[in-house]
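Structure, as C-alpha cells:
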Amino acid sequence: MYDELYGAWKREKLHPELQALHEDFYSQASAYLKKLKESQRMIDDKTLKARLLRNEIENAKKLVSELLDLRFKKMMVAAEQDIRMPANCLTKEDKTIYSTEIEVAKIFDKMKRCITEGRIFDATVRIEQAKTRTILLRFIQEMPAVIGTDMKTYGPFKVEDVAILPIENAEALIRQGVAVRIDVGEK
C-alpha cells in the first residue's frame with residue numbers, strides 16, 4: 001500500500017488537475033495506517049524493525065496528509081470556478097466534500113450578487129439549506145405524495161403549495177416542471 005500511496009501523492013503533486021483514485025482509496029489508506037500502528041505495538045521499541053516501522057508510519061501519515069490537502073485545494077478551485085470534476089477522479093469521500101463545496105460556492109455567489117445589487121441576503125437560511133441539503137419549492141402543478149431520498153413521505157401537493165424537500169427530489173420536480181425553487185433570504 002505504501003507504494004500505491006506514494007504513487008498517488010506523486011501524481012497529485014505533479015499534475016494541476018485532480019488525479020483519479022479508486023473509490024475506496026482513503027478507506028484502504030486508513031486501514032493500512034491502522035495495521036502499521038497495530039504492528040508497532042507488537043514489537044520491541046528498541047529494535048531496528050521498530051525504528052523502520054516508525055519511519056514508515058510517519059512517512060505514510062505525511063503522504064496521506066499532503067495528498068488530502070492537494071486534492072482539497074484542487075476541488076475548491078474547481079468548485080469556485082463551477083468546473084465539474086470527472087466522477088472517476090473522486091473517491092466516495094471526495095464526492096461528498098465536492099458537492100458541499102459547490103453548494104457553498106453557489107451561496108457565496110448569490111450573496112455577492114444580492115449585496116452588489118443592494119439587496120439583503122440572509123446567509124443563515126442558505127447555509128442551513130446547504131447543510132440539510134434541502135430546497136424550498138412552490139408547486140405549479142398538482143403532485144401526489146412522494147417518498148424523499150431521506151425515506152420520509154412528502155405531499156400530496158396542490159398548486160401554490162410550498163414545501164421543503166431533499167435536494168435530489170426537489171431538483172427532479174423542478175426538471176419535470178412540477179415545481180419551482182423559491183429563493184429565500186433576499187429582500
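The table for this structure:
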| read-out | value |
| --- | --- |
| Positive minus negative residues near Leu90 (Lys, Arg vs Asp, Glu; Cβ under 14 Å) | -2 |
| Using alpha-carbon coordinates, inclination of helix 123-132 to the longest axis of the chain, degrees | 70 |
| Around Ile174: net Lys/Arg minus Asp/Glu count, Cβ-Cβ under 12 Å | +1 |
| Cross-link table Lys10/Lys35; Lys13/Lys61; Lys74/Lys110; Lys13/Lys110; Lys10/Lys112, entries beyond 26 Å C-alpha to C-alpha | Lys13/Lys110; Lys10/Lys112 |
| Among Met42, Thr96, His22 the positive-end extreme of the charge dipole of the chain (Cβ point charges) | Met42 |
| Mean Cβ neighbour count within 10 Å, used as a protection proxy, ranking 170-176, 98-104 highest first | 98-104, 170-176 |
| Crossing angle, helix 48-80 versus the chain [Cα axis fit, 0-90 degrees, rounded to tens] | 20 |
| Size of the chain as Cα extents on the principal axes (Å, biggest first) | 74, 39, 27 |
| Label-point separation, Glu38 to Glu142 (7 Å along Cα→Cβ), nm | 6.0 |
| Net charge of neighbours whose Cβ lies under 13 Å from the Cβ of Phe25, counting Lys and Arg as +1 and Asp and Glu as -1 | -2 |
| Sequence-distant residues sharing a close amide H with Leu21 (under 5 Å, placed H) | Leu90 |
| Helix-derived mean residue ellipticity, 222 nm - over the chain, DSSP H n ≥ 4, -39500 (n - 2.57), to 500 | -19500 deg cm²/dmol |
| Placed amide H near Ile140: partners under 5 Å, 5+ positions off or other chain | Glu160, Ala179, Val180 |
| Cα-based reach from Lys92 at 13 Å (exclusive), listing aspartates and glutamates while leaving out same-chain residues under 8 positions away | Glu23, Asp24 |
| Between 0 and 90°, nearest 10: helix 25-41 axis offset from the chain longest Cα axis | 40 |
| Relative packing of peptides 82-90, 26-34 - highest average C-beta neighbours within 10 Å first | 26-34, 82-90 |
| The chain - charge dipole about Cα centre, Lys and Arg +1 at Cβ, Asp and Glu -1, debye rounded to 20 | 520 |
| Estimated dipole of segment 2-101 in Debye, rounded to 20 [Cβ of Lys and Arg +1, of Asp and Glu -1, Cα centre] | 440 |
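Only the coordinates and a few stated rules stand behind these numbers; no lab work does. Values in this document were obtained by computation on a predicted structure and should not be read as measured data. With ideal geometry, Cβ positions are generated from the backbone for all residues, glycine too; neighbour counts draw on all protein chains shown.
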